[in-house]
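Asks: Take this structure first; my questions come after.
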Amino acid sequence: MSQTIWIARHGNRLDFVNPEWFNTAERPFDPPLSDDGVIQARQLGQRLGQENIAHIFASPFLRTVQTANQVAEALDLPIKVESGLSEWLNPGWMPSIPEKLPIEALHEKYPRIDLNYTSRVIANYPETSEDVLERSGETARRLAAEFPEDILLVGHGASVLGTTRGLVGGEPEVNAVLCCLVKIVRVGEEWVMELNGDTSHLSETEKVIRFN
């Protein structure tokens, strides 16, 4: 059986462009995309618009939903919000579980969100680096098994790394820069990584991998 798993990181974050935003934000640990991040997400949608993707899954954070929405528009698909793809809930970054928009409020902004979907894996605060890799790896394996068509997972730097390792095994280095693409293809019973952090669809890229 042939199956392709596409894994994408969200586009650029507003707080990366304007660090002062964090000081007055209502939800400082859930930044939206920056203006150039929206452009990156749109270019990601253009890149994947001709692919045979049947399901789109996104972390519940605003920037990942915004990124997934650009691809969902290109493919005319719903978005399944999956907690297992969440940001690394790192207590060194966040003093408590980060406040995010409720799913109903996200749906008002992005009606393509499927309110009938229930997360298969729940991210729990706090997490170690091992926890986030294990959690996101389990998420990738469960979604690949339950949804045997081609799927897209939209996550964060750590969850891109974890989902990739969760499928291909081992500890491959993953070029998880902003709005990158990883392509993993099932070959028999094995998974093979065909693209590693590809950014050829982006008009502007950065070489430094920022996780927070």
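Asks: Considering only residues that are at positive phi and in contact with a Leu (Cβ under 8 Å, 6 or more places away or on another chain), which ones fall in the range 160-192?
Replies: Cys179
Asks: To continue, here is another question. Any idea which of (1) surrounded by 20 or more Cβ atoms within 10 Å (Cβ to Cβ); (2) under 20 Å from Asn12 (Cα atoms) is the one Gln46 doesn't satisfy?
Replies: Condition not satisfied by Gln46: (1).
Asks: Can you tell me which residue in the range 1-38 is modelled with the lowest pLDDT, limited to those that are aliphatic (A, V, I, L, M) and under 29 Å from Leu167 (Cα atoms)? Full working, then the answer.
Replies: As a first pass, look at the range 1-38 and keep what is aliphatic (A, V, I, L, M): 1, 5, 7-8, 14, 17, 25, 33, 38.
Still in the list and also under 29 Å from Leu167 (Cα atoms): 1, 5, 7-8, 33, 38.
On the way: Met1: 66, Ile5: 98, Ile7: 98, Ala8: 98, Leu33: 97, Val38: 97.
Top of the filtered list is Met1.
Asks: While we're on this one: Taking the stated definitions as given, is Val38 crowded, with 21+ Cβ neighbours inside 10 Å and either assigned to a loop (DSSP other than H, G, I, E, B) or among the aliphatic types (A, V, I, L, M) (or both)?
Replies: Taking the combined requirement at face value, the residue does not satisfy it.
Asks: While we're on this one: Is there a residue in the range 44-52 that is of a type in the set (Lys, Arg) and either modelled with pLDDT under 95 or part of a helix (DSSP H, G or I) (or both)?
Replies: yes
Asks: Mind checking which residues of the range 1-34 are in a helix (DSSP H, G or I), within 18 Å of the chain's Cα centre (by Cα) and either within 14 Å of Phe61 (Cα to Cα) or not hydrophobic (A, V, I, L, M, F, W, C) (or both)? Reasoning before the result, please.
Replies: Taking the range 1-34 first, the residues in a helix (DSSP H, G or I) are 14-17, 21-24.
From what's left, within 18 Å of the chain's Cα centre (by Cα): 14-16.
Passing the criteria: Leu14, Asp15.
Asks: Arg165: buried (at least 21 other Cβ atoms within 10 Å of the Cβ), at pLDDT 95 or above, among the basic types (Lys, Arg) and out of contact with any strand residue (DSSP E or B) (no Cβ under 6 Å at 6 or more places or on another chain), yes or no? Show your work before the answer.
Replies: Working: buried (at least 21 other Cβ atoms within 10 Å of the Cβ): no; at pLDDT 95 or above: yes; among the basic types (Lys, Arg): yes; out of contact with any strand residue (DSSP E or B) (no Cβ under 6 Å at 6 or more places or on another chain): yes.
Taking the combined requirement at face value, the residue does not satisfy it.
Asks: Moving to a separate point now. Could you pull out the residue among Tyr110, Tyr117 that is in contact with a helix residue (DSSP H, G or I) (Cβ under 9 Å, 6 or more places away or on another chain) and of a type outside the set (A, V, I, L, M)?
Replies: That would be Tyr110, the only listed residue that is in contact with a helix residue (DSSP H, G or I) (Cβ under 9 Å, 6 or more places away or on another chain) and of a type outside the set (A, V, I, L, M).
Asks: Name every residue in the range 42-60 that is in contact (Cβ under 8 Å) with a residue 24 or more places away in the chain and either of a type in the set (Lys, Arg) or over 20 Å from Thr164 (Cα atoms) (or both), in order of residue number.
Replies: Matches in the range 42-60: Arg42, Gln43, Gly45, Gln46, Arg47, Gly49.
Asks: Need at least 3 residues that are of a type in the set (A, V, I, L, M), in contact (Cβ under 8 Å) with a residue 24 or more places away in the chain and closer than 26 Å to Asn69 by Cβ per element, so show me which strands (runs of 3 or more DSSP E) inside the range 126-211 make the cut, counting only ones lying wholly within it. Before you say what the answer is, go through the steps one by one.
Replies: Numbers: elements: 151-155, 181-187, 190-198.
Ranges flagged: 151-155, 181-187.
The values are calculated or read from the model by the stated rules, or taken from the named source; none is laboratory data. Please read these numbers as outputs of a predicted model, since none were measured by experiment. When we count neighbours, we look across all protein chains shown, and the Cβ atoms used for this are built from the backbone with ideal geometry, even at glycine.
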